[in-house]
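The values are calculated or read from the model by the stated rules, or taken from the named source; none is laboratory data. Quick caveat: nothing in here was measured; it's all calculated off a predicted structure. Here the Cβ positions follow ideal geometry from the backbone for every residue, glycine too, while neighbour counts run over all protein chains shown. Only protein heavy atoms, including side chains, enter the accessible area calculation; ligands, DNA and RNA are left aside. Shrake-Rupley method; radii C 1.70, N 1.55, O 1.52, S 1.80 Å.
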Amino acid sequence: MIKAIFFDIDGTLVSYKTHEIPLSTFAALEKLKEKGIKVFIATGRGKDGLAVLKDFPFDGYITLNGQYCYVDKQHKIYENTIVREDLQALLDYLEKDPFPCGFTEENTKYFNYRDQRVDDLHAITHNDDHPAGNYKQVVDHKIYQIMCFVDETKEKDLLKVMPHCIASRWYPTFCDVSPIGGTKQLGIDKFLEYYGIDLSETMAFGDGGNDRAMLEHVNTAVVMGNGDERLKEIADYVTDSVDDDGIVKALQHYELID
């Protein structure tokens, strides 16, 4: 029996075409809650990027790919930040080889500088319009995640100087650099412990590379029709795209809603 379902946001709940959650999906989420099934967010976005959820009462939020997990704004259950030495190593790297970076704190994000790559991403997500500004102070702040606009080759070089970090990507122009330990998978385990739910009673929906660990971890993995083809290979079920009521159809397939 499914008792907990975890949803990615971009490309899963939220359409890249409309930049909104379909009304049919909101209705399906309501039906799940009426049946006593707990629903969770599992996203790379930070707290400041959740307005798209329209204040829907999810039972928990795994944000920043697992680095910051909370039940509500007053009840944090887990956090994980990048160590100072790795932050300093990145600043030193940027002095020699600059590229755009978005530094994420608890309630905000800011860039060292913006270029067309950042603007192009914001055109897709409607969630990356944060300003460029003073970033040298990051070594003295809690930084949960860094959006690094590098290709896969430079990503590997970057991780060599940031040994306490990992990287994941769901779009080719950038990767999310996060501290080792905090993942969507760990966030799931934190919430299962909190609510007393077994892993065998879980389902997750995703579409991108940063959803892989989560989908491999849960009992039932659903990948959106618009998702990464490599991700579909590990899916228990591939549903339609977010724009074609993919979430509704998958929940109906598993007889969780009518």
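Compute the label zone of ALA132 within the stretch 154-190: residues whose backbone N is under 19 Å from the point 7 Å along Cα-to-Cβ.
173-175
Rounded to whole Å and sorted largest first, list the principal axis extents of the Cα atoms in the stretch 41-91.
For the stretch 41-91, the Cα spread along each principal axis is 39, 21, 16 Å.
Looking at the square roots a ≥ b ≥ c of the eigenvalues of the Cα gyration tensor of the stretch 1-98, which shape do they give, rounded for a/c under 1.5, prolate if a/b is larger than b/c, or oblate?
Prolate shape, in that a/c is at least 1.5 and a/b is the bigger ratio.
Using the alpha carbon gyration tensor of the chain, what are the three equivalent-ellipsoid semi-axes (square root of 5 times each eigenvalue), largest first, in whole Å?
Semi-axes (√(5λ), whole Å): 31, 19, 17.
Which percent of Cα-Cα pairs in the stretch 131-180 sits in each 10 Å bin, short to long?
Computed distribution, short to long bins: 24, 52, 24, 0.
Classify the stretch 191-244: rounded, prolate or oblate, from the alpha-carbon gyration tensor (a ≥ b ≥ c, eigenvalue square roots; a/c under 1.5 rounded; otherwise prolate if a/b is larger than b/c)?
Note, shape of the stretch 191-244 comes out prolate.
Measure off, as a whole percent, the carbon and sulfur share of the 1.4 Å-probe accessible area of the chain, all protein chains present.
With neighbouring chains kept in place, the figure for the chain is 47 percent.
If I build a Gaussian network model for the chain, linking alpha-carbon pairs within less than 10 angstrom, which residue out of GLY206, GLY36, GLY182 has the largest mean-square fluctuation?
GLY36
Give the separation of the Cα centroids, the stretch 160-201 to the stretch 19-94, in Å.
Using only Cα atoms, the two centres lie 12 Å from each other.
Could you give the C-alpha radius of gyration of the stretch 110-258 expressed as a fraction of 2.2 N^0.38 Å, taking N as the number of residues it contains?
In units of the globular-protein estimate, the stretch 110-258 measures up at 1.20.
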